[in-house]
Amino acid sequence: MTSGSPSLTVSRLAYAYPDGTQALYGVDLTIERGERVALLGPNGAGKTTLVMHLNGILTAGHGTVEVAGLPVRADTLREIRRRVGLVFQDPDDQLFMPTVREDVAFGPANLGLRGAELDRRVRDALERVGMLDAIDRPPHHLSFGQRRRVAVATVLAMEPEILVLDEPSSNLDPASRRELAEILRSLDVTVLMVTHDLPYALELCERSLVMSEGVIAADGPTRELLADARLLAAHRLELPYGFAVPAQPG
Amino acid sequence: MHVPDGFFDVPVSVGAGVFAAAGVAVCLRGAKRELDDRTAPMAGLVAAFIFAAQMLNFPVAAGTSGHLLGGALAAILVGPYTAVLCVAVVLLVQGFFFADGGLTALGVNITLMAIVTSVVGWAVFRLITRGAPRGRATLVAASFVAALVSVPSAALVFTALFWLGGTAPIELGSVAAAMGGVHLLIGLGEGFITALTVSSVLAVRPDLVYGARGMTRTLTLRTADGDVEVGPAAPEAPPARIGLRPVLVGGALVAVLLAGVVSFYASSAPDGLEKVAADKGLSAQEKPHTAENGPLAGYSVKGVDDQRLSNGLAGVAGVALTVAAGGGVFYVVRRRRRGTDAMTPASAR
Amino acid sequence: MSAGHHHPIYRPADTPVHRLPPQCKLAAVVAFAVFVVATPRERFWAFAVDALLLAAVAAAARVPAGTIVRRMAIEVPFVLFALAIPLIGTGERVQVLGLSLSAPGLWAAWNILAKATLGVVASILLAATTEPRMMLLGAERLRLPRLLVQIATFMLRYLDVILDQMRRMRIARESRGFVARDLRQAPVLAKSAGALFIRAYERGERVHLAMLSRGYMGEMPTIRDISATGRDWAMAGMLPCLAAVTALLAWSTT
């Protein structure tokens, strides 16, 4: 990895889906190594589409994406996908193998790991999300919160440069939500968290990007962005009823 | 309805098994060409959809309901190769996990319900849509006819297999009439449901319907100076065509299968006739049945039946010959058209 | 389709039958079905022997008779069909309870009923003693095309998810007073089927994306492997071998 390069650089990125809908209209952003950044925006702002470009699932119609200095191109895909760990919104999409063990092993096995080394990676990743006990269970027998944690483990097992989470707090009950926050805080990787859960962003991320109608509309400290009522209203973002941004970091 | 064990004798079961395996092998390659590394998850999810759709009961008339078989629907939605794979996997899972359909009848079931319905449905669909203007109405009408034809076609093949190695002494004429008649009705329901389902998918995600693809749009950049048009989005895969080769290979396999089984019977038939001639006593009733049912027999009663049924058989054979001749003409025409098409790189394989 | 219950067919237990490697069981059951179909139908005793063999397996696997009988309901449509054959069959007629029945038809009905029932029970025992996941691994070991096995794996993984969506759609329809009475309601159901297809297809795409993002390059890695010893094969082979001997004896006494 090129030392000194930011974890993620996106420039002038535009994209339209095969059905003709254009979702991205020129996205620019940079995330430094070790940062935890929230990507905020209402439904349909293009957040998920942007995420799909970060590891080359979607091919840029225009513009470039670089991960730790390595451009996302057809010939770099294998390395890019090791570096970018994507956690999907619906854990049922992510957990496609018949058992938790096989699912967490899928990524590292694709990197060529086998035997004891593979087993160590699987156990290690499950340990970090507190799901080691579920190693031999089928994913559909787990609760939603447990499935989301296993989904995080499937990506951690690949030891990524940057962890990208799509709506990590959606559909979680308050306890699962807090547990996931603790897990994310304990990890020592760059994190990009896509969400419209503003308190969660404030809790976990120093910096936020606001995405609206296919472009980055604002970029700054989460605290300042969330205190700007006009900005929030302009981009259909709302704090929950009764929630006020605390004056000092807790 | 899934054929259970014991309905067909061993030679036909094995023959149909070989044919089904060859057909599935062709489709594995075909689907891989179309879907590439997406084959496993996409076909798996579509197979799960078909399994679920078969459980959706459509009311037909007071008290009765029908459900989808899904071969033609799958072919129209995801293409013939993937469709055969999906239905075949559904049948395998039903056979091994749910004890639905005999394990020795898997070849027959896959041949009838996966291969015949999907391939016939797709061929009819293409035949209609290639000439007509490509509007939603055309696609829906073509779906109706394709699904309608696919079901009695499977029934016809069932009748042919029954002629070769059915274990029940029912007149072939009445089998053909009953199967054809009932399945024409079922086909109407299948056509109706298929057309409605295709129509509802076309309304929401036309890009998902196989063959109704191929649009490119330009992109807009929202910059400080206003909107700027840039190059087109990534080009889409052109709608794939069903190749001539797999159809010919499949046809040849059917021919070989039929020829093999028929000659098998023909060569052993004299023994059967001898046996009938020898056993004219009280045991005449039992012994021919013994023979009929075994793996290496089945000719004595058949021999008698064949004479008695020859008139009815002639009709079915006539139908089969007509279909073969019509198919031949169709392929020749297609071939010539492909010949002219070959000038353009897009249609070159 | 009780919610949350995936494969009610499988009955977890720890018996010699459960412990057999899946590939041995699969091959044994298929071979057994072939030999049963090849048995001449006049030899009633041969089918009794086959039934006893299955009963022995059921006892060894501790699968209760009630479970097997309940699951046999799957063959009811064909039982009805088989019962109709003597009525419409050709050949010599016999009088039974005032009905004129075809004698060959009676034989045919018996033939289908006996063989179909033995086949169904064998399949039920296989499914009851083999975890679905193991069944698929066994199929792969038996050299079924890997792609086909993978398709079946994905299908089984997502069957519940899709059936659950279907159930929710039905509840949504019914909670708004929808009742499917006749053909006029079919368009509504077809819309559900269409929506179900779109959801299944889109999930397929998302699953593929999830696979790609974890380094999938077109080959599924083999993570679990199961091997069978000669003893396993010998043990599983007893069922089809005894059925084969039965069929041979039945033939030789013709």
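Remarks
- Amide H contacts of residue C:93 (H built 1.01 Å from N, in plane; Pro and chain starts excluded): C:103 sit under 5 Å, all sequence-distant by 5 or more or on other chains.
- In range of the label at residue A:244: residues from the stretch A:190-230 whose backbone nitrogen is under 19 Å from the point 7 Å along Cα→Cβ: A:198-200, A:202-203, A:223-230
- When the trypsin sites (Lys or Arg not before Pro) in the stretch A:194-241 are filtered for DSSP coil states and for at most 16 other beta-carbon atoms within 10 Å of their beta-carbon, the remaining sites are A:236.
- For chain C, calculated [θ]222 nm from helices alone, where every DSSP H run of n ≥ 4 adds -39500 (n - 2.57): -23000 deg cm²/dmol
- Between residue A:30 and residue C:143, the FRET efficiency estimated from the beta carbon spacing at R0 = 60 angstrom works out to 0.70.
- With Cα atoms, 0 to 90° folded angle of helix C:76-88 axis to chain C main axis: 40
- For the stretch C:36-50, Karplus couplings with θ = phi - 60° (6.51, -1.76, 1.60), whole Hz, Gly/Pro x: 4, 5, 7, 7, x, 6, 6, 8, 4, 4, 5, 6, 5, 4, 4
- Rounded to whole Hz, the Karplus (6.51, -1.76, 1.60) HN-Hα couplings of the stretch C:96-111, x for glycine and proline: 10, 6, x, 9, 8, 10, 7, 5, x, x, 4, 4, 5, 4, 4, 4
- The amide H of residue A:209, built 1.01 Å from its N in the peptide plane, has A:38, A:39, A:40 as neighbours under 5 Å, considering only residues 5 or more places off or on other chains.
- Estimated vicinal HN-Hα couplings, Hz - the stretch C:219-231 in sequence order (Karplus 6.51, -1.76, 1.60; Gly, Pro = x): 10, 7, x, 7, 9, 10, 10, 10, 10, 10, 8, x, 5
- log₁₀ of I(q)/I(0) at q = 0.10 Å⁻¹ - the stretch B:25-168, Debye sum with one point per alpha carbon: -0.36
- Taking every alpha-carbon pair under 8 Å whose residues sit at least 6 apart, chain C reaches a relative contact order of 37 percent.
- Gap separating the Cα centres of the stretch B:97-159 and the stretch A:1-55, nearest whole Å: 44
- Partner shielding of B:160-168 amounts to 3, given as the average count of beta-carbon atoms from other chains within 10 Å of each residue beta-carbon.
- Top of C:140, C:205, C:131 by mean-square fluctuation, Gaussian network on chain C, Cα under 10 Å: C:205
- For the peptides B:97-110, A:185-198, residues were scored by their other Cβ atoms within 10 Å and the scores averaged per peptide; the highest-first order is B:97-110, A:185-198.
- Here the stretch B:156-179 is scanned for amide nitrogen atoms under 18 Å from the site 7 Å beyond the Cα of residue C:96 along Cα-to-Cβ, giving B:167-171.
- Loop sites in the stretch C:126-156: trypsin sites (Lys or Arg not before Pro), DSSP, at most 16 other Cβ within 10 Å: C:143
- Range of Cα positions in the stretch A:143-240 per principal axis (Å), largest first: 40, 29, 23
- Placed amide H near residue A:172: partners under 5 Å, 5+ positions off or other chain: none
- For the stretch C:145-212, the spread of Cα coordinates along the three principal axes comes to 44, 23, 16 Å, biggest extent given first.
- Each of C:152, C:196, C:209 was scored by the projection of its Cα onto the charge dipole of the stretch C:145-212, and the greatest displacement toward the positive side belongs to C:196; charges sit on the C-beta of Lys, Arg, Asp and Glu.
- Its Cα gyration tensor gives the stretch C:96-249 an equivalent ellipsoid; the semi-axes, largest first and in whole Å, are 39, 34, 12.
- Here is the list for the stretch C:169-254: trypsin sites (Lys or Arg not before Pro) lying in DSSP coil, each with at most 14 other C-beta atoms within 10 angstrom of its C-beta, are C:176, C:181, C:224.
- Spherically averaged projected area of the convex hull of Cα atoms, the stretch A:8-234: 12.3 nm².
- For the peptide A:213-222, the mean number of other protein chain Cβ atoms found within 10 angstrom of a residue's Cβ is 1.
- Simple label model, 7 Å out from Cα along Cβ direction - residue A:206 to residue A:136, nm: 4.5
None of the figures in this text is laboratory data; all of them are computed from the coordinates on show. Predicted model, so just to flag it, every value in this text is computed and none were measured. Here Cβ is always computed from backbone atoms with ideal geometry, including for glycine, and neighbour counts include all displayed protein chains.
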